[in-house]
1. How much FRET efficiency would the formula 1/(1 + (r/R0)^6) give for T348 and N298, where r is the Cβ-Cβ distance and R0 is 22 Å, rounded to 0.05?
2. How far is helix 167-186 tilted off the main Cα axis of the chain, in degrees rounded to 10, range 0 to 90?
3. May I ask what percent, to the nearest 5, of DSSP beta bridges between residues of the chain are antiparallel?
4. Report relative contact order for the chain in percent, whole number only (criteria: Cα-Cα under 8 Å, sequence separation at least 6).
5. May I ask you to list the aspartates and glutamates whose Cα is less than 17 Å away from that of K346, ignoring any residue fewer than eight positions away on the same chain?
6. Which of the listed residues, A66, G134, V193, is farthest toward the dipole's positive end in region 20-345, when Lys, Arg count +1 and Asp, Glu count -1 at the beta-carbon?
7. Dividing the convex hull volume of the Cα atoms of the chain by its residue count, what figure in Å³ per residue is obtained?
8. Any chance you could give the angle, 0 to 90 degrees and rounded to 10, that helix 325-343 forms with the longest Cα principal axis of the chain?
Amino acid sequence: MLSDYHPTAPSTLTVRAGSYADELIKTAKTVASPGRGILAMDESNATCGKRLASIGLENTEANRQAYRTLLVSAPGLGQYISGAILFEETLYQSTTDGKKMVDVLKEQNIVPGIKVDKGLVPLAGSNDESWCQGLDGLASRTAAYYQQGARFAKWRTVVSIPNGPSALAVKEAAWGLARYAAISQDNGLVPIVEPEILLDGEHGIDRTFEVAQKVWAEVFFYMAENNVMFEGILLKPSMVTPGAECKERATPQQVAEYTLSLLRRRIPPSVPGIMFLSGGQSEVEATLNLNAMNQAPNPWHVSFSYARALQNTCLKTWGGRPENVKEAQEALLIRANANSLAQLGKYTGEGESEEAKKGMFVKGYVY
């Protein structure tokens, strides 16, 4: 009976984000600001070592510091980049000239973020699938990261289409992301929610779409169960594409159509930003696909959170040589500017280098 309804009665369905609710919403909106996206530079030291090895450099802290200094100090980067995801070492690191990396980012009007997951491990009882560890001690770690200047967090888990994916793996991915999101918000960090549907496989785009629908349904169900405040999160989904080994390729228009259809079915409009991962696409491919998604207005800020698709040409241009720093920074700014234009739906793809068109798919990719 409607007459029995008492609006003053306390609701059991409270969405809580501790005392940080207003700040979380403000941070999420700042990261999801027009024409800007995220620079993902949170490669673990081992993965950063692989990047350095590709240009003949040893994996030392000094070399990692030199490369990360190059990235964060690129002049005017904040015009195109609103947030930078850091590895723990970088959050506490200084640049080669002694300034805190975090402070350099803030001066550029870039919000510092932090990778908080502890990586993928085999999921017992599954079809050779993975789960993401890192919930133990996460509350105290996120509180410490907030004190150090981080304002958002990232947690990457993966789903493999060739391996099923099993119901167990999807549920584990969704539950882990939801717990991480709730804990992060409790400690002042906007959680980037990232269930990456890996490119590995020969499947077509329709199969990717089907799996992505299932994954995102579970992710949002469990986030609601954990009282996560949707206005204070960001998403980092994969684009809906065919498997990397599928013979039928998709045009940017098809990728946009499938991906936006998925988002409309699964993502509440209260979520401020959709920051796509590049997942091994070439630099140009990732930008073209993003541009296609921004040809009409969306309920959310549809943007990018790229690692390799922003850094590849920059890293190769640098080659570890101090005299190449300026040119390498220019290469980074070219890519950042291209993706900024794509976020605004104004990218044309003209004048791109051959290097920027090379695919970067790695089978079974790990950070």
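1. 0.60
2. Result, in degrees: 90.
3. In the chain, DSSP labels about 10 percent of beta bridges as antiparallel.
4. 19 percent
5. Answer for K346, where 17 Å is the Cα cut-off: E283, E285, listed by chain and number.
6. The residue sitting farthest along the positive end of the dipole is A66.
7. Per residue, the Cα convex hull of the chain comes to 147 Å³.
8. 40 degrees
The values are calculated or read from the model by the stated rules, or taken from the named source; none is laboratory data. Values in this document were obtained by computation on a predicted structure and should not be read as measured data. Reconstructed Cβ throughout: ideal geometry from the backbone, glycine too, with neighbour counts over all protein chains shown. Ligands, DNA and RNA are stripped out before the accessible areas are found, and what is left, the full protein with its side chains, is counted by its heavy atoms. Shrake-Rupley method; radii C 1.70, N 1.55, O 1.52, S 1.80 Å.
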